[in-house]
Amino acid sequence: MKETWRYLAGIAGPSGYGSKSTAEQVIRDSACLVPPHLTAIITGATSGIGVETARALAKKGVRIVIPARDLKKAAEVKEVIQKESRNAEIIIFETDMSSFVSVKRFCSGFLALGLPLNILINNAGIYSQKLEFSEDKIEMTFATNYLGHYLMTELLLEKMIETAEQTGIQGRIINLSSVIHSWVKRDAFCLKKMLSPKKYDGTRAYSQSKLANILHAKEIARQLKARNARVSINAVHPGIVKTGIMRASYKGFLTDSLYFIASKLLKSTSQGASTTCYVALSQQIEGVSGKYFADCNESSCSALANDESEAQKLWVQTRALMQRYLYLPPAQHPPLPCDESTYLGVKYIYKL
């Protein structure tokens, strides 16, 4: 009840920000602390929170790279941002986050530019009410929200580590998650079933993908720490924001009138983007990694999301899946298996 009141009232937490804080406010407060010439990749930056995140970071001189499926929408976003920030540098690549080949092509194209990479924001997300499959024959929500971002992070991680070593500036990876990750029960979190569910439920698929985003952040944070790499990775819950995803998820459950009333309690896109911008730029959390943030403050996630063995198992299983599709080389720094189930996970995934 206390947390609900803090949220509704917009009471600031230890960071000095709360649920009512906006991306504009976070960026303004960090104005003197943002290093020059940063480069950020932001997926899903053609709508909703992604657009606002790109606009806010560009306003502070950050070079923005947008992998986008819809080039027309991306060009429109670029035009809008550059009207507000005349010197903003926006680079667009045609990319489908649900396609392994497309993500790999984007990463190769970006690396060929020879640019540094300071910030990677894994923001893109979809909610689908009906069962759909990607070109890789994987359930679309899981392929887009989790697997595409897992692959992009794997392929760009060395560039981020290299950039941090050369510049002395900590690299930051942000995974967009959601509070509904806590709805997932342990016995329902099975990779094989998530790849090709027999009984599909849109909300369940979405919540499973968002749990995977947190587990991914937990395991990559552990690996980066073991390497003494100056790159952090954290997960964020943007809040319940008035975006297309939110409206789609409630269609069929709420009448338009009830949705209209409920929407008055929801965050604006600027408020939704504030936590991403805070975790991407704030000096207050320098060195903080593997955590979960909400309303610009470190928060608690579910017991399952905090399970290190589950995070390791998911990483190993996902890596095996990627090797099966893309013939990726063995990981340079694979995680130490926590128990036999991790090995069993790898063997199992190869039998799909």
Quote the accessible area belonging to TYR17 in square angstrom, nearest 10, computed with a 1.4 Å probe and with ligands, DNA and RNA left uncounted.
-> 20 Å²
Work out, step by step, the length gained on full extension between ASP201 and ALA112: first 0.36 nm times the residue separation, then minus their alpha carbon distance; give nm to one decimal.
-> 28.0 nm
Kirkwood hydrodynamic radius over Cα pairs of region 60-105, then Stokes diffusion coefficient at 20 °C and 1.002 mPa s, in µm²/s = 190 µm²/s
Amide H neighbours of ALA124 at under 5 Å, excluding residues fewer than 5 places away on the same chain, with H built from the backbone geometry, are THR43, GLY44
Work out how much length ALA12 to ASN306 would gain on full extension: take 0.36 nm times their residue separation and subtract the Cα-Cα distance, in nm to one decimal.
-> 103.3 nm
Per principal axis, descending, Cα span of region 181-226 in whole Å | 39, 19, 16
With a 1.4 Å probe and every protein chain left in place, tell me how much accessible area LEU113 has, in Å² to the nearest 10.
-> 90 Å²
Which entries in LYS130/LYS198; LYS20/LYS73; LYS210/LYS291; LYS59/LYS291 show an alpha-carbon gap greater than 24 Å?
-> LYS20/LYS73; LYS59/LYS291
Does region 1-154 come out rounded, prolate or oblate by the C-alpha gyration tensor, with a ≥ b ≥ c the root eigenvalues, rounded set by a/c under 1.5 and, if not, prolate when a/b is larger than b/c and oblate if not?
-> oblate
Counting only the heavy atoms of the protein chains, how much of ARG324 is accessible to a 1.4 Å probe, in Å² to the nearest 10?
-> 90 Å²
Heavy-atom accessible area ranking, 1.4 Å probe, most first, across VAL279, VAL51 | VAL51, VAL279
Between GLU135 and THR167, what is the label-to-label distance in nm when each label sits 7 Å out along the Cα-to-Cβ direction?
-> 3.1 nm
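The values are calculated or read from the model by the stated rules, or taken from the named source; none is laboratory data. None of these values were measured; they are calculated from a predicted model. Cβ: placed from backbone, ideal geometry, glycine included. Neighbour counts: every protein chain shown. To get the accessible areas, we keep the full protein, side chains included, count just its heavy atoms, and leave off ligands, DNA and RNA. Shrake-Rupley method; radii C 1.70, N 1.55, O 1.52, S 1.80 Å.
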